Amino acid sequence: MPHPFEAREISAWISAARAERAARVLSDPRLRLTRIGSDDPKTRRTLATQFNAEPFDDLRQLAVATPSVLWIDRREVLDELEREVLANEDIAIVAGACTLQFLLALPHCETAPSFRRMQVGRALLSVVETFGRVEVFQTTVSVADESRLGEGLRVAAASALAVLGSIDQVTALGARAGTLTASVIGERGLGTLAIGVGVEAASFALVGEGGLATVASGLVGWRRRDGSWMEEARLESDGDEPTIQTLLEAERPSGRSEHSVATDAARQRARLRIAALADTVRLSARTGQSESVEAMLQSFGVDPYEM
């Protein structure tokens, strides 16, 4: 078990579009980058020099050389050779950007950022526990630039699943450069998802049995139907903590107890549900029609009823 003040050694494979964000995340003093890889020579050279890390131009070689934790921050689907080596190496994989296809290729893959690790996410979950029946749920996520819309969509999808339960029908209301909106039908209510480019922030609104509750980056406000205030509080800024915390918590997948294995399986199912919902929203935006999350899962050979 590493000392709490000891920097965690990690490796990273970064796409060119994410170099600036990666540099910001990797600069955290709790992380010690020893190996860096990228398809882009300039990105690889710049980050290797900045962090005094060993450069790699091949993801497979980087995985073999990695002792414990590998952060992969790219959109591209893994090819067959990459899947094989990443699945066989005894390392924890953390994906900064992922799709359903990416997760299915790597059963032991974590994702970052995690909605449940975000302070605003934890605040929302605590409100939901005692709010009662939710009739309408709205989530709005703003990201710093267009290359991070996928991350924002995943956070929005995770929040909708946490509040509304299982979701099947998805209808994209509109998509253009820098924005994505959709409506969803969950087992516990209706919801809307909106993702756009601006300041890094997230806000959630619940309407239903508990009245009206708003949870946002910086504050929580909850007013009951009779007009009384149930809760009003301020939250500390999330910053990059969700991504950093995911990297810090990653461990080798081997040698775990049966309880840990069961927990990992449950987390894997949750990650697949989130990725499937996000991918279905993207599909609906392309087709201009309502799409089914269950059909999306079945197209990849996943039984949605086992999720």
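Of note:
- Only helices reaching 20 angstrom along their own axis (Cα) with mean Kyte-Doolittle hydropathy no lower than 1.0 count here, and for the DSSP H runs of the chain these are 149-164.
- Zone residues, region 4-41, relative to Q245, backbone N less than 18 Å from point 7 Å out along Cα-to-Cβ: 4-5, 8, 25-26, 28-31
- Summing charges over all other residues whose Cβ lies under 11 Å from the Cβ of A182, with Lys and Arg as +1 and Asp and Glu as -1, gives 0.
- About its Cα centre, the dipole of region 97-168 is roughly 200 debye, where the only charges are +1 on Lys and Arg Cβ and -1 on Asp and Glu Cβ.
- Here region 8-89 is treated with +1 on each Lys and Arg Cβ and -1 on each Asp and Glu Cβ, and its dipole about the Cα centre works out to around 480 debye.
- Between V136 and N52, full extension at 0.36 nm per residue minus the direct alpha carbon distance yields a gain of 25.2 nm.
- Peptide packing for 27-39, 74-86, 266-278 was compared via the average number of neighbouring C-beta atoms within 10 Å per residue; ordered from the highest value, the list is 266-278, 27-39, 74-86.
- Neighbour net charge for R223 - beta-carbon separation under 11 angstrom, K R +1, D E -1: -1
- Local net charge near N88, Cβ-Cβ under 13 Å (Lys/Arg +1, Asp/Glu -1): -3
- In whole percents, the pair-distance distribution calculated for region 191-244 from its alpha-carbon pairs, binned every 10 Å from zero, is 21, 43, 29, 7, 0.
- Relative to its residue count, region 14-103 spans a Cα convex hull of 91 Å³ per residue.
- Extension gain, A65-Q169: 0.36 nm per intervening residue step, less the Cα-Cα distance, totals 33.1 nm.
- Projecting the Cα atoms of P29, S68, A12 onto the dipole axis of region 8-89, where Lys and Arg carry +1 and Asp and Glu carry -1 at the beta carbon, places P29 farthest toward the positive end.
- Check: the chain dipole with +1 on Lys, Arg Cβ and -1 on Asp, Glu Cβ, in debye: 560
- Charge dipole (the chain, unit charges on Cβ, about Cα centre) - positive-most of C98, G165, L180: L180
- Positive-end residue of V207, T49, L277, charge dipole of the chain with Cβ unit charges: V207
Where a number appears in this text, it was derived from the coordinates with a stated rule and is not lab data. Note that the structure is predicted; figures quoted are calculated from it, not measured. Every residue, glycine as well, gets a Cβ built from its backbone with ideal geometry; the counts of neighbours run over all protein chains shown.
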